[in-house]
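J.: Once you've had a glance at the structure underneath, I'll fire off some questions.
The values are calculated or read from the model by the stated rules, or taken from the named source; none is laboratory data. Here the structure is a predicted model, which is why all the values come from computation and not from measurement. Reconstructed Cβ throughout: ideal geometry from the backbone, glycine too, with neighbour counts over all protein chains shown. Ligands, DNA and RNA are excluded from the accessible area calculation, which covers all protein heavy atoms including side chains. Shrake-Rupley method; radii C 1.70, N 1.55, O 1.52, S 1.80 Å.
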Amino acid sequence: MLLVALLLTAPTEDLQARLRHLESAAAAWAPAPSPDATRVAFLTTLFGPRQAASVALDGSYPTQLTDEPEGIVEVRYFPSEPEKLLAVALREGRRRLLVVEEEGAPPAPVDPDPGDQFPGGFSRDGKKLFYAVQNGAAASLRTFAVDSKKSSEVSPPPPASGTQPPTGSLPLGEVLSGLFALGPPSPDGRSILALVHRKTSEAVVVVDVASARGEVLVSSEKPARFRQPRFSPDGKTVYVLTDADRATMGVDAVAVQGHARRTIHAPPRNVEAFAVTDDGHRLAVAVESNGQDIFSLLDFPSLRAQPLAVPPSGALAEGGLVWDRASERLLFGWRLADDTTDVWELRIGRGTPSRITRSPRPGLSRASIPRPSPVRAGGGLAWLWRPAEIAKPRVAVLVGAVPTRPVFDKRIAALNFAGFAVLAVNGEGAQKTALRYLTSAQDLDGRDPLLLDPDGLEVEDRARWGGIVSGPGQHRGGLELDPDHPDLRALVRYARRGASAL
């Protein structure tokens, strides 16, 4: 009862002010440099729902580029027209391609046809955009002419042409079945890569544009992930991030002719992202280490790894690693434990990384943001954020489809400010592992813990939890929170409801 009294008599005005400050904090990530390397576009929550913005590389106030009610999920510059950008917006839950002007003209749709639209990439001269449209089970490959602003569907040549389909190839509709990502095209624009679901695994397929047919380049008989495929500059090799035939994600090279696969870089820990320079001479990788990321640079063909400087301890945000066209700058979104997520750059050979954007966190000093401590839960590593002023706080348990990182999270900070500790446990059996940990933790009140389940994982024993917080539309019977703009006051009220009921 003493704990309940402390929680309910805590200075309400101070807590409300802290929550207001948290709500004002923003983030910036997923950088995309302009072709002339003078600006960088990125995604940000500075203006509300995630929108596209841009900033000068040498520093300026961000320019808001989009104002989409459902937000933006990707942005990149047109190679041939630096003042134009391609944005992927969510409209009625569908991914839609928009042409956005740097100067602020209304966005123009690339294709009016219904369905989800996946950008693949531009031809080398920047005059043609490859993209796919998926409507239900049907998927089509299309091109958009930048000059004429006209779209056309990639289709097989007429039978009268006498063109014979490549041996072992499949029709376009069949090879793109299960599509979940497209691109990029080969340097000569004759082929394009795609990622598809195949039974229990994923696969990389390569499509021949002229014949409108494709084939599986690499897959796995066992469950495996394939991510970030891209061609080498000569178009003879495809690099891909995969965990096929091993326990961790690593970078593999697959020959376009013959499909021979070899490992390029697969350390004992997961490779989070990689980027190959335009000239194909260098490979940058980000490798996970105890919840954080470290960078390395490998030269081709020796593949000798050299450590790269990184910002203060943290982890990559969405968008991975991106080289500028001159291969002099490496850009990335970086998540910190006690500060906002922002876009950083690392200029090769010029010392430490520098911060390009500075998202606001008014009223919150870095010292006021609780930092996590590593703890052992079961046989794995877990993270514990706890309020310093409470001797034995109640607990919220955070589980997710991917490992939780020891970085700043508004939901965690709000619960800490309200007097709750947050324990993040991942992996198979995470919920049971967390409950066992709480039964033996002498400095935590493990009664009726709150379950934070943003990814909608199956709740294994609902009766053991004092409440369930999930993502939007998951209908778990508790509170639903938007991941970009969580209602922090509702979260605290929901958590405290359990405390007042003790």
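J.: Taking the Cβ of residue 294 as the centre, find all other residues whose Cβ is under 11 Å away and add up their charges (Lys, Arg: +1; Asp, Glu: -1).
T.: Neighbour charge sum, excluding residue 294 itself: -2.
J.: Got a sec to turn the phi values of the stretch 228-238 into Karplus ³J(HN,Hα) couplings, 6.51 cos²θ - 1.76 cosθ + 1.60 with θ = phi - 60°, whole Hz, x for Gly and Pro?
T.: With the stated coefficients, the stretch 228-238 comes to 6, x, 7, 7, 6, x, 8, x, 8, 9, 10 Hz.
J.: Next up: Just to make sure I understand: if all protein chains stay in place, what is the order of 130, 122 by accessible area at 1.4 Å, largest first?
T.: 122, 130
J.: Rounded to whole Å, give me the distance from the Cα center of the stretch 192-206 to that of the stretch 278-305.
T.: Computed from Cα coordinates, the inter-centre distance equals 25 Å.
J.: Tell me which aspartates and glutamates have Cα within less than 16 Å of residue 149's Cα, excluding those fewer than 8 residues away on the same chain?
T.: Qualifying aspartates and glutamates at Cα under 16 Å: 81, 83, 101, 111, 113, 125.
J.: What relative contact order, as a whole-number percentage, does the chain give when Cα pairs under 8 Å and 6 or more residues apart are counted?
T.: 10
J.: Of the listed peptides 254-261, 388-395, what is their order by residue-averaged count of other C-beta atoms within 10 Å, with the highest listed first?
T.: The densest-packed peptide leads the list: 388-395, 254-261.
J.: Sequence gap at least 6, Cα distance under 8 Å: using those rules, report the relative contact order of the stretch 400-463 to the nearest whole percent.
T.: So the answer I get is 36 percent.
J.: When the dipole is taken about the Cα centre of the chain, and only Lys, Arg (+1) and Asp, Glu (-1) are charged at their Cβ, what size is it in debye, to the nearest 20?
T.: 1040
J.: Report, by chain and number, residues whose modeled amide H sits under 5 Å from the one on residue 308, excluding near sequence neighbours (fewer than 5 apart, same chain).
T.: Under 5 Å from the amide H of residue 308 lie the amide H atoms of 295, 296, 297, each far enough along the sequence or on another chain.
J.: What's the long-distance tail for the stretch 328-396, i.e. % of Cα pairs beyond 17 Å?
T.: Looking at the stretch 328-396, the distances longer than 17 Å represent 61 percent of pairs.
J.: Can you check what the net charge comes to around residue 220, using other residues whose Cβ is under 14 Å from the Cβ of residue 220 (Lys, Arg +1; Asp, Glu -1)?
T.: Here the charged neighbours net out to +2.
J.: Which of rounded, prolate, oblate describes the stretch 396-502, given a ≥ b ≥ c as roots of the alpha-carbon gyration tensor eigenvalues and a/c under 1.5 marking rounded, otherwise prolate only if a/b is larger than b/c?
T.: Rounded, because the longest to shortest axis ratio a/c is under 1.5.
J.: At a threshold of 8 angstrom on Cα-Cα distance, excluding pairs fewer than six apart, so keeping six or more, what relative contact order does the stretch 380-502 reach in percent?
T.: 25
J.: Viscosity 0.692 mPa s, temperature 37 °C: give me the Stokes-Einstein translational D for the chain in µm²/s, with Rh taken as the Kirkwood radius over C-alpha pairs.
T.: It comes out at roughly 134 µm²/s.
J.: Can you list the HN-Hα couplings for the stretch 67-78, worked out from phi with the Karplus curve (6.51, -1.76, 1.60; θ = phi - 60°), rounded to whole Hz and with x for Gly and Pro?
T.: Using θ = phi - 60°, the values come out as 9, 8, x, 9, x, 10, 10, 6, 8, 7, 7, 6 Hz.
J.: Just for the Cα atoms in the stretch 1-156, what are the lengths along the principal axes, largest first, rounded to whole Å?
T.: Answer, in whole Å and largest first: 74, 44, 23 Å.
J.: Assign unit charges at the C-beta atoms only (+1 for Lys and Arg, -1 for Asp and Glu), then state the dipole size of the stretch 292-439 relative to its Cα centre in Debye, rounded to the nearest 20.
T.: Taking the Cα centre of the stretch 292-439 as origin, the dipole is about 420 debye.
J.: Using modelled amide H (1.01 Å from N, peptide plane; none on Pro or chain starts), what sits under 5 Å from the amide H of residue 408, excluding residues fewer than 5 places away?
T.: Placed amide hydrogens put 336, 337, 338, 339 under 5 Å from residue 408.
J.: May I pose another question? At a Cα cut-off below 16 Å, give the lysines reachable from residue 222, other chains included and same-chain residues fewer than 8 away excluded.
T.: 199
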